[in-house]
Amino acid sequence: MLDLQNKHIVLGLTGGIACYKAAELCRALIKQGASVQVVMTESATQFITAVTMQALSNRAVYVSQWDAREPNNMAHINLSREADAILIAPASADFMAKLLHGRADDLLSLMCLARPVSEVPLILAPAMNREMWVNPATQRNVAQLTQDGALVLDVGQGDQACGETGDGRMLEPDDIVQDLIATFQPKLLAGHKVLVTAGPTYEAIDPVRGITNLSSGKMGFAMARAAYEAGANVTLIAGPVHLPTPRGVQRIDVRSATDMHSAVLSQVADASVFVATAAVADWRVAKVAEQKIKKTAQGNTPDLQFTENPDILGEVAQTARARNGELFCVGFAAESHDLQKHAQAKREKKGVPLLVGNIGPATFGSDENALLLVDAQDTQEIPQANKLDLARKLVTEIAQRIKI
Ligand code: CTP
């Protein structure tokens, strides 16, 4: 199922050059399964035409509160009652100032004021010149709108249409869509700090060679995203992978198991959930060559000696026991056979309350997986699904267990 399936989104455009990105945003919303009703202010029509937005959304666009197409002539009521969320992108400085005062002299502001506040979330994606963004008036308005229950997204940083560089660009459409999807997820981990390890580690042999494994990091990145969607403050410690950082997640990149170990120890003190999805190398080369190892005339092969890496999960689980249930640890086990038996044994060996087993060769690199959850009482299968869906289910399981 797509993330915005059965969701009806009112996409509001206000006057700003970032209107050009609203066309792509509209397509991205539809691609995620949403139906989209576009409402534009008169100023927005100076930047992009209603024809473009109608063609992309496959629905007639509304601009005026006097639009006679609605039989009761109350577009502001009808449109806001149908919506699962109202997303204003771009939200201009002027429009935010207007909303703040509850003014309603055009259809879009009228509709925002008329929305049932507890049922229809209002999400604003600001876009403006950097000086306008940092102006105390704008910052005051953002703070007050947030207090009034709107979700004001952050702004992007970089080159602006005016030629200046700084904060104030509208977020990219994909980021806005991720934030919108997050608003529909239950906030099961609100107030928690979740620490996630992900990906493989890389153990150097010499300056140009090393040993790694096939972990793609996708499950860990999905876990971090799902935890953020559930309202947690998330830190993701990632081995070498080429994956984009999920929205709202603080990412720390590491290379070796030793680096990952230090990064985890530096972050774990105030964490309340630790999820170890990383495929950490069990051993590293005892003495990394300072220079590239060269072939010899005699054809000798290098004599590599190994030393064991720290068991990050095992160590954190030990701290967790000392912290008396304040830190909930989840381990992963990638096995090739006898999943249930190995997963239960690994749960006990690592000393964690929950262990998630999966068949390694079947999942490495894939967008899908199937999980076996093992705790002290029970085992539970979560059937094949995409990794984000699995991560959301795992978040629900974790939330249930940390409530007890
Ligand atoms: N793990 C860890 N640090 C390590 C090794 C593993 O934190 N040095 C974590 C992994 O992130 C995972 C769990 O421990 O959550 C299981 O890892 P695995 O390597 O499968 O466990 P091992 O105890 O090494 O067992 P095996 O003999 O199967 O390799």
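Looking at (1) farther than 18 Å from LEU108 by Cβ; (2) open to solvent by 70 Å² or more (accessible area, probe 1.4 Å), which is the only condition ARG59 fails?
Of (1) farther than 18 Å from LEU108 by Cβ; (2) open to solvent by 70 Å² or more (accessible area, probe 1.4 Å), only one is false for ARG59: (1).
Of all residues being in a loop (DSSP other than H, G, I, E, B) and among the small types (Gly, Ala, Ser) in the range 232-267, which is nearest to ALA278 (Cα to Cα)? Just the residue, please. So that I can check it myself, show each step before the final result.
At the first step, the residues of the range 232-267 found to be in a loop (DSSP other than H, G, I, E, B) are 232, 239-249, 254-256.
Still in the running and among the small types (Gly, Ala, Ser): 232, 239, 248, 256.
Numbers: ALA232: 20, GLY239: 8, GLY248: 20, SER256: 11 Å.
The qualifying residue nearest to ALA278 (Cα to Cα) is GLY239.
Conditions: (1) away from the ligand (no atom under 15 Å from the Cβ); (2) within 16 Å of GLY199 (Cα to Cα); (3) of a type in the set (Val, Ile, Thr); (4) surrounded by fewer than 18 Cβ atoms within 10 Å (Cβ to Cβ). THR258 meets all but one. Number of the miss?
Tallying (1) away from the ligand (no atom under 15 Å from the Cβ); (2) within 16 Å of GLY199 (Cα to Cα); (3) of a type in the set (Val, Ile, Thr); (4) surrounded by fewer than 18 Cβ atoms within 10 Å (Cβ to Cβ), THR258 fails exactly one: (1).
So ALA281 clears everything in (1) part of a loop (DSSP other than H, G, I, E, B); (2) more than 12 Å from the ligand (Cβ to nearest atom); (3) at pLDDT 95 or above except one condition, right? Which one?
Condition not satisfied by ALA281: (2).
Checking LYS287 against (1) within 29 Å of VAL374 (Cβ to Cβ); (2) in a loop (DSSP other than H, G, I, E, B), only one condition comes out false. Which one?
Here LYS287 clears every test but (1).
Residue-wise test of (1) under 19 Å from ARG225 (Cβ atoms); (2) in contact (Cβ under 8 Å) with a residue 40 or more places away in the chain; (3) in a loop (DSSP other than H, G, I, E, B); (4) not hydrophobic (A, V, I, L, M, F, W, C).
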| site | (1), (2), (3), (4) |
| --- | --- |
| TRP133 | no, yes, no, no |
| ASN141 | no, yes, no, yes |
| LEU145 | no, yes, no, no |
| GLY158 | no, no, no, yes |
| GLY163 | no, no, yes, yes |
| VAL177 | yes, yes, no, no |
| ALA182 | yes, yes, no, no |
| LEU188 | yes, yes, yes, no |
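Scanning for something aliphatic (A, V, I, L, M) and at pLDDT below 95, does the range 49-66 turn up at least one residue? If you could, list the steps in order and put the result at the bottom.
Applying the first criterion (aliphatic (A, V, I, L, M)) to the range 49-66 yields 50-51, 53, 55-56, 60-61, 63.
Those left that are additionally at pLDDT below 95: none.
The answer is no, given that none of the residues of the range 49-66 is aliphatic (A, V, I, L, M) and at pLDDT below 95.
Identify all residues within the range 261-288 that are among the aliphatic types (A, V, I, L, M) and open to solvent by less than 30 Å² (accessible area, probe 1.4 Å); write none if there are none. Can you show your working first?
Of the range 261-288, the ones among the aliphatic types (A, V, I, L, M) are 263-265, 268-269, 271, 273, 275-276, 278-281, 285-286, 288.
If the condition is that a residue be among the aliphatic types (A, V, I, L, M) and open to solvent by less than 30 Å² (accessible area, probe 1.4 Å), then ALA263, VAL264, VAL268, ALA271, VAL273, VAL275, ALA276, ALA278, ALA279, ALA281, VAL285 are the ones that fit.
Return the pairs, sorted by first residue and then second, in which the second residue is open to solvent by less than 20 Å² (accessible area, probe 1.4 Å) and aromatic (Phe, Trp, Tyr), the first residue lies in the range 271-290 and is under 16 Å from TYR228 (Cβ atoms), the beta carbons are less than 9 Å apart, and the residues are 6+ apart or on different chains.
Pairs found: THR277/PHE221.
Can you tell me which condition ARG321 does not meet? The list is (1) in contact (Cβ under 8 Å) with a residue 12 or more places away in the chain; (2) within 14 Å of the ligand (Cβ to nearest atom); (3) farther than 25 Å from LYS187 by Cβ; (4) in a helix (DSSP H, G or I), and all the others hold.
(2)
Give just the number: which of (1) open to solvent by 10 Å² or more (accessible area, probe 1.4 Å); (2) assigned by TED's automatic domain parsing to the domain that holds PRO240 does ALA198 not satisfy?
(1)
If you take the residues of the range 299-310 that are in contact (Cβ under 8 Å) with a residue 12 or more places away in the chain and outside any strand (DSSP E or B), which of them is farthest from the ligand (Cβ to nearest atom)? Talk me through it step by step, then tell me what you get.
Filtering the range 299-310 for residues in contact (Cβ under 8 Å) with a residue 12 or more places away in the chain gives 302, 304-310.
Cutting the leftovers down to outside any strand (DSSP E or B) gives us 302, 304-305, 309-310.
Details: PRO302: 24, LEU304: 18, GLN305: 18, ASN309: 5, PRO310: 6 Å.
Taking the candidates together, the pick is PRO302.
The values are calculated or read from the model by the stated rules, or taken from the named source; none is laboratory data. All values reported here derive from a predicted model rather than from experimental measurement. Methodologically, a virtual Cβ is constructed for each residue, glycine included, from the backbone with ideal geometry; neighbour enumeration extends over all protein chains shown. Heavy atoms of the whole protein, side chains included, go into the accessibility calculation; ligands, DNA and RNA do not. Shrake-Rupley method; radii C 1.70, N 1.55, O 1.52, S 1.80 Å.
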